[in-house]
Each structure stands twice: as structure tokens, then as C-alpha cells.
Amino acid sequence: MTVPRTTDIPPVLVLSTGRCGSTMISDLLSRHPAVLSLSEFFVPLGPEAFAHDSIDGDGFWRILSRQSPALRAMLRDGIVVDEMLYPYDRPGMRYGLADLPPMMMVTLPHLTDAPEALYDALEPVVRARPAMPLADQYRALFEDLAGRLGRRVWIERSGGSLMLAAKLLRLFPDARVIHVHRDGRDTAMSMEKHHNFKVLVGAMKAARRLGVDATRDFTRDRGRQIDVLSQRMIFPFINARRLAEGVTLSELGAFWSLMIGLAREVLDPLPPDRLLTVAFEDVQRAPREQLQAMIRFIDPGLDDPAWLDEVSAIPRPARSRAADLPPDVYAALTEACRPGLKALGYSV
């Protein structure tokens with residue numbers, strides 16, 4: 001089956017370590033009348049999102065609508081991402097945390113004020129599709145959304161998506177990439193207040209104690225059914241909050257640095273016309289210049305003075321909070337972040 005194109009510009013992946021300003025950038029791009037901004041689409045889906053070569057519409061809808069074991073464990077323990085847009089705790093809403101579809105958490109409410117109606121409209125269309133390559137199922141869904149909302153290009157951004165970079169670029173080999181980064185010390189401090197990252201690093205520590213290097217999966221360009229099965233066997237018995245206990249600021253800094261190293265490995269081979277590296281500090285300092293560069297990188301035909309006037313007034317400069325840390329904590333955090341800081345040109 002050939003997926004019909006309603007967009008006329010290659011897709012864009014906004015990749016980052018998470019907690020580095022990519023949410024704000026996604027929000028600013030979503031205000032452009034030609035941009036379909038898919039926020040937090042891939043990461044909440046879990047490993048099954050990449051574990052099929054081909055899949056039919058019913059199977060694909062299950063991935064979109066059912067919580068992965070890891071997501072279920074976090075929501076069960078009350079760990080809710082800051083970016084959550086679906087008002088699950090408001091009276092009269094259809095879903096609660098126990099049955100909230102992954103793409104209803106952020107993605108659909110980011111696109112419309114009537115996410116349940118859009119979800120209902122998508123279900124029969126998606127489920128009716130025949131078996132096709134996994135990448136084509138995603139493209140068909142995104143093309144459908146772009147057509148419904150009158151957009152010319154789709155952009156996906158998930159927090160921590162550098163962990164999926166190799167897989168995403170295999171699915172979308174024509175995609176342009178915007179790599180958003182921020183000083184690792186400030187990023188680690190933000191991660192420390194975000195349970196998802198502490199759970200992730202805690203799970204990686206637990207895996208290492210069992211002799212398993214969970215980071216090896218980050219460089220694989222294909223998902224595996226064994227990862228799906230492992231989650232099903234392990235996460236029903238895991239206390240997500242307990243996993244997060246004992247994760248230190250320096251360990252979060254080391255994780256950030258690891259992700260930056262992964263970015264260099266996966267993204268450096270891309271030609272200049274397919275990779276734009278953006279420092280969040282530069283967006284805060286010179287928003288007009290940086291946002292114009294981003295939209296022209298996506299496509300020069302998207303220049304829109306009214307959009308640029310609106311969004312360039314939103315970011316505000318902010319000082320680094322890392323320097324306020326006690327000297328010994330700051331020194332330890334800087335050392336943990338050192339490889340990534342040097343790779344990105346931050347002072348050490």
C-alpha cells in the first residue's frame with residue numbers, strides 16, 4: 001500500500017536528552033500555521049513502537065491506545081510527566097490514569113481542544129488499514145492528522161528522544177533533525193525534579209547490577225520483541241518510585257553526557273542540510289534569530305513574519321542555576337558532565 005502524501009515537506013525530528021527546552025520549542029513551532037507539532041508521541045509508546053517490521057491496523061492501534069508495562073507502572077505509582085495535557089482528574093473526562101491511551105497524554109491535546117473527538121475519528125481509519133511496514137503506518141497516521149488540520153509538515157518531539165534516534169532515523173530516513181541541547185549541569189538539575197528520568201537512571205543502575213547494559217539498546221536501529229516481553233514480565237512487579245530513590249545529581253549528569261555522546265555517534269553522519277544543532281541558551285538569548293533559523297531549516301518557504309513576531313516575544317533569558325550549587329556538588333556534577341560539555345563547547 002502506498003501512503004498518500006498530504007504534506008509537501010520532509011518530516012522533522014526534534015531530538016534531545018530531555019529537560020533542555022525542547023518542549024518550549026515544540027510549543028513555539030506548533031503556533032506556525034503550517035506545522036503539525038507532535039509532542040511526546042513516540043516515547044510514551046514503549047518498546048513495542050519499534051518492535052515490528054510490518055503490522056496491520058488493529059495491531060498498530062493497540063500500540064497507540066494501550067499503555068506499555070513501564071508506562072502503566074509509572075502512572076500506577078502516581079508518576080505523571082510535567083508535560084501531561086489531558087485533564088484526567090477533571091470531572092467528566094473519559095479516561096483516568098489507569099486507562100489513558102499513550103497518545104492522549106500529550107500528543108492529541110497538543111493538537112486540539114477536543115482530543116477525545118479526534119481520537120474517536122482516528123480509530124476506525126487506523127484500524128481499517130491493511131498490514132504494511134511499520135514506518136508506513138506511522139506516516140499514514142501523521143499524513144492523516146496533517147490533512148485534517150491543514151498542515152504542510154509534521155514535526156515530532158519527545159523528551160529524551162536521543163535514546164530513540166537510531167530507530168527513528170531508520171523509520172524516517174528522509175527526516176531533518178533539530179538537535180536541541182542545554183548545559184548538562186542545568187539539564188541534570190531539571191532531571192532531578194522529574195521522576196521519569198530518575199526512574200530511567202534507577203532502572204539502568206538496577207540492570208547493571210544484573211550484568212545488563214541497558215544503554216546498548218540506544219544504538220540499535222530496530223526494536224526487538226524480547227524488549228516487549230521483558231517489560232511485560234518485569235514491570236508489573238516494580239515500584240517505580242523505589243527505582244528513583246538514591247539516584248544522584250552526578251548520575252543524572254553522567255546520563256546526560258552519555259546521551260550527548262550518543263548524539264554525536266548517530267547524528268554526526270548526517271549532512272549539514274539535514275542537521276541543525278540548537279542551544280537552548282541561544283534561543284533564550286536571541287529568540288528571533290534562532291527561531292527564524294529553525295523555520296528556514298525546515299523549509300525556507302515557511303517564513304512567516306507574523307508567526308515570528310509572536311513567538312520571538314515568548315522566550316526569556318534565564319541565568320544558570322548550577323553555579324548556586326555548593327562548590328563540591330558543582331565540581332562533582334561538572335566532572336560527570338565533562339565529556340558532553342566539551343563535545344558541545346560549554347565551559348568546564
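Every number here is computed from the coordinates shown, using simple stated rules; none is lab data. These numbers were taken from a predicted model, which means no experiment stands behind them. Ideal geometry is used to build each Cβ from the backbone, glycine not excepted, and the neighbour counts take in all protein chains shown.
Observations on the model:
- Model label sites at Asp328 and Arg148, defined 7 Å from Cα along the beta-carbon direction, differ in position by 5.6 nm.
- Once the gyration tensor of the Cα atoms in the chain is diagonalised, the equivalent ellipsoid follows with semi-axes of 29, 26, 19 Å, ordered largest first.
- Other residues with beta-carbon under 9 Å from the beta-carbon of Met105 carry, at +1 per Lys or Arg and -1 per Asp or Glu, a net charge of -2.
- Build a GNM of the chain with springs between Cα atoms under 10 Å apart, and of Thr17, Thr277, Thr112 the one that fluctuates most is Thr112.
- Using θ = phi - 60° and Karplus 6.51 cos²θ - 1.76 cosθ + 1.60, couplings along region 59-64 (whole Hz; Gly, Pro as x): x, 5, 5, 4, 4, 6
- For region 136-255: relative contact order, % (alpha-carbon pairs under 8 angstrom, 6 or more apart): 36 percent
- Taking packing as the residue-averaged number of other Cβ atoms within 10 angstrom, the listed peptides 147-156, 283-292 run from highest to lowest as 147-156, 283-292.
- Estimated vicinal HN-Hα couplings, Hz - region 15-26 in sequence order (Karplus 6.51, -1.76, 1.60; Gly, Pro = x): 10, 6, 6, x, 6, 10, x, 5, 4, 4, 5, 4
- Relative contact order, percent, the chain [alpha-carbon distance under 8 Å, six or more residues apart]: 27 percent
- Two-site label geometry, Arg76 and Leu229: point separation in nm, points 7 Å out along Cα→Cβ: 2.1 nm
- Cα gyration tensor shape for region 245-322, rounded if a/c is under 1.5, else prolate or oblate: oblate
- Inter-part distance where region 65-101 and region 139-179 are each reduced to a Cα centre, Å: 23 Å
- Each Lys and Arg Cβ is given +1 and each Asp and Glu Cβ -1; about its Cα centre, region 243-284 then shows a dipole of about 100 debye.
- Three-way shape label, region 8-103, alpha-carbon gyration tensor, a/c 1.5: oblate
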